[in-house]
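Working notes, beginning with the structure itself.
The values are calculated or read from the model by the stated rules, or taken from the named source; none is laboratory data. Quick caveat, the model's predicted, so the values are computed rather than measured. No Cβ is skipped: glycine too gets one built from the backbone with ideal geometry, and neighbour counts run over all protein chains shown. We work out accessible area using only protein heavy atoms, side chains counted, and drop any ligands, DNA or RNA first. Shrake-Rupley method; radii C 1.70, N 1.55, O 1.52, S 1.80 Å.
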Amino acid sequence: MGSFLQIKIYRHKFIAYVIFVVSIGLTLGTLTCAMLLNQWVGNARIEAANAFSRVENELQYDADRIEAYMQRIYSNPGLLDDARSFASSSAEGYLTSRLDHSIYSQPLVSFPEDLKTYLYSWAQGEITQISLHTGEYGNVVRFNDNGIASYTFGLPNKDEAFHDTITKGFVYRKKLSNPTLGSQEFGELRFLVSSEQVFRSVQNFRVGEAAAVSAAGDIYLIGGHGEDLEQMSRLAAANGRTHGIISRGMLKPIFYVTFASTKFNFKFVSIIDLSTLIRQHAGMLITLFLIVLAAMVSVLLLIVYNLRDDALFLHRIIQSIGRVKTANFTTSRPARYRRNEYGMIARELDDMIQQLDKYIRNEYLLKIKQQETEMKALQNQINPHFLYNTLEVIRSTALVNRDTDTADAIATLGTLYREIVKKENIISIASELELLQKYLEIMEFKYPGRFYYQVNVEPALLSIPTVKFWMQPLAENFFIHGFDAGHEFNLYVVNGWEADDSYMLEFVDNGQGIPAERLNTVRRTLFNQDDASSGSIGLRNVYTRLHFFYGDSCTIEIANNEEAGVKIAVRISKEVIEHVQVDDCG
């Protein structure tokens, strides 16, 4: 994942995909929630409509019962006469009138008792009050919850008991007349249907908060309580629409639905609180949220998988280009290429690197062979010259002394020559020091008691690969230009140590120094490979051979010592040691 986000183009693309997927997920989730919420509101409306229909049916049943009872009164003259007697202004007047109109041969009929038997019980307690009114007063029959009747006579028609309000119930009015007297009205019957009993029938419906609002503004709360419900119910009833939204405040919408009664002048109002609906269905909404979230995460993981797979190939392409820029053609692990453009580019780039590596290796080997040829040609300028001089010294010494030292010198020379001929061009520093020491031993034989040498080289330098026979020409320059045969102590010292980033070799003598002008000339001609006619051919050959082998990572410095003699410093970088050939290093 880390390498995937490191690539800028894929990081931006991934962010764009995240924004797109999250936007689509949120949009789909919002639309789904809106559809579910609309369905829940619709279900609440249907539930409210069913509840209102139940109320209307109850009122219709009560109206039918009252009509049937009115037919019963008119079909029973005795009941009608008792009802007319019940219109008296007092209980005594009612009892007296009953006796005056009674017939001894017929049983007495009681209008109040008949109301209880055929109306209260038949209506299952919904009709809780029946009153018979004349022009000035009314007589009342009330039934409590247990069906026990109580009577009140002579109440004024404007009494609170006859106040028509929905909080008490619904009033059915029926004129009462005597058919035998030409339908002359003698009173009015009022049947009070209890609101509590009527609306109790809707308790099994899930209407939430609901109310019945009369035209006068009276409210009967069916579900819920509080001034807020009363205020919202009045607003909904006064709005005139069958449904709508009332806002309690920011982000608190209240949906309402109203139904107008065809039986009485009131409206049934159902309040649907959307926040309550959401809480009721919180489990479903959480499940929907988790499903949408899982879908978005799955899509993002699929996108990440595809982008990461392509990003790996692009990262591999970038790495391959970086390896080519640093001349690193080592073969990387095989890639699982996909059949797309990135896979094709990565595969072709790996093939190109392999071909380039093969081409460079071939060119490098040809160049090495050419360098070996040039180094051998340079060696041929050195070895014969040294060999001939040494043999002349041995010959002269043998003629003069005729002793065993001559045999030792010849043996050392033979060993030196065999080492030169036997060894390959690439040897270790240790082997090169052995060759130098054999040469210096011969010089000790040539100048007994007047020449001494020391070799102080740290072990870390001994295994370093180098070209063969380049230290001897440096020592030979000392004997040609700096050695004083008349001096009793001629010294040649070889020092070697490991620095922080390189290996150092110093060749120091105590002979004659080099004049400043000559030293500048030697320094100029030492590094001029085009100048073959120079008196410092030995030093230049050494520099050329080392430069062929180590490249620019090897430097040579020549300077005069403060006391006497010359110091030649050779610096070899540690970095280049890792890349030189060591297969044939002896």
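Structure notes:
- Shape of the range 208-280, Cα gyration tensor, a/c cut at 1.5: prolate
- Sequence-ordered 3J(HN,Hα) estimates for the range 277-290 from the Karplus curve with 6.51, -1.76 and 1.60 and θ = phi - 60° stand at 4, 5, 5, 5, 10, 4, x, 5, 5, 5, 4, 4, 4, 5 Hz, glycine and proline given as x.
- Cα gyration tensor, the range 443-582 - rounded (a/c under 1.5), prolate or oblate: oblate
- In Å², nearest 10: area of residue 14 left accessible to a 1.4 Å probe: 40 Å²
- Residue 64 accessible area, assembled protein chains, probe 1.4 Å, Å²: 80 Å²
- For residue 296, solvent-accessible area (1.4 Å; no DNA, RNA or ligand), Å²: 30 Å²
- Net lengthening on full extension, residue 146/residue 491 (0.36 nm per residue, minus Cα-Cα): 110.0 nm
- On the principal axes of its alpha carbon atoms, the range 130-200 extends 42, 23, 22 Å, with the longest extent given first.
- Counting Lys and Arg as +1 and Asp and Glu as -1 over every other residue whose Cβ lies under 13 Å from the Cβ of residue 149, the net charge comes to -1.
- These residues, 487, 243, 133, 281, go from largest to smallest accessible area, 1.4 Å probe, as 487, 243, 281, 133.
- Relative packing of 77-85, 297-305, which averages over residues the other C-beta atoms within 10 Å, highest first: 77-85, 297-305
- Sum of side-chain charges, residue 510 neighbourhood, beta-carbon under 15 Å (Lys, Arg +1; Asp, Glu -1): -4
- Taking amide H as placed 1.01 Å from N in the peptide plane, the amide H of residue 207 sits under 5 Å from none that are at least 5 places away or on another chain.
- Accessible area, probe 1.4 Å, largest first, for residues 497, 40, 470: 497, 40, 470
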